[in-house]
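Peer 1: One structure is given below, represented as structure tokens, and several questions about it will come after.
What follows is calculated from the coordinates using simple rules that are stated; it is not laboratory data. Note that the structure is a prediction, hence the values are computed from the model and not measured. Positions of Cβ are generated from backbone atoms using ideal geometry, with glycine treated the same way; all protein chains shown enter the neighbour counts.
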Amino acid sequence: MAIQVMPTDREGHAGMMGSFRVLKLRRGGTMGQTEGQLYNRVISHPQEVQILEMRYGMIRAQSLPPRESVALIEKILGEET
């Protein structure tokens, strides 16, 4: 597992429309799930799942690499003490 941080100075990124999950199923399928304050939706249509997979990849590309993310988290934690 890797932790990646999306810097706050990135004004526009692929996760701006809200949270979502890409679920890899044991039998090889993939589903998506989105939620908001008033809704929760399971996504099984292949084209919609593909969009979520692409957004996930974009978010990972736009985020800091894992080592830089950990360094930023440690820096912030050090500033709070």
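Peer 1: Give the residue that is nearest to Glu74 (Cα to Cα), with candidates limited to residues of region 1-18 that are surrounded by fewer than 13 Cβ atoms within 10 Å (Cβ to Cβ) and aliphatic (A, V, I, L, M).
Peer 2: Ile3
Peer 1: Among Arg26, Arg55, Arg67, Arg21, which is the only one that is in contact (Cβ under 8 Å) with a residue 12 or more places away in the chain and either among the polar types (S, T, N, Q) or loosely packed, with under 15 Cβ neighbours inside 10 Å (or both)?
Peer 2: Only one candidate qualifies: Arg21.
Peer 1: Mind checking which residues of region 30-50 are out of contact with any strand residue (DSSP E or B) (no Cβ under 8 Å at 6 or more places or on another chain) and without any contact (Cβ under 8 Å) to a residue 12 or more places away in the chain? Spell out how you get there, then give the answer.
Peer 2: Let us first name the residues in region 30-50 that are out of contact with any strand residue (DSSP E or B) (no Cβ under 8 Å at 6 or more places or on another chain), namely 36-39, 45-47, 50.
Once the filter is applied, which keeps residues that are out of contact with any strand residue (DSSP E or B) (no Cβ under 8 Å at 6 or more places or on another chain) and without any contact (Cβ under 8 Å) to a residue 12 or more places away in the chain, region 30-50 yields Gln37, Leu38, Tyr39, His45, Pro46, Gln47, Gln50.
Peer 1: Kindly evaluate Ser63 against the criterion of being at negative phi and under 12 Å from the mean Cα position of the chain (by Cα).
Peer 2: yes
Peer 1: Here's another thing I want to ask about it. Among the residues in region 11-31, are any over 13 Å from the mean Cα position of the chain (by Cα), in a helix (DSSP H, G or I) and among the acidic types (Asp, Glu)?
Peer 2: no
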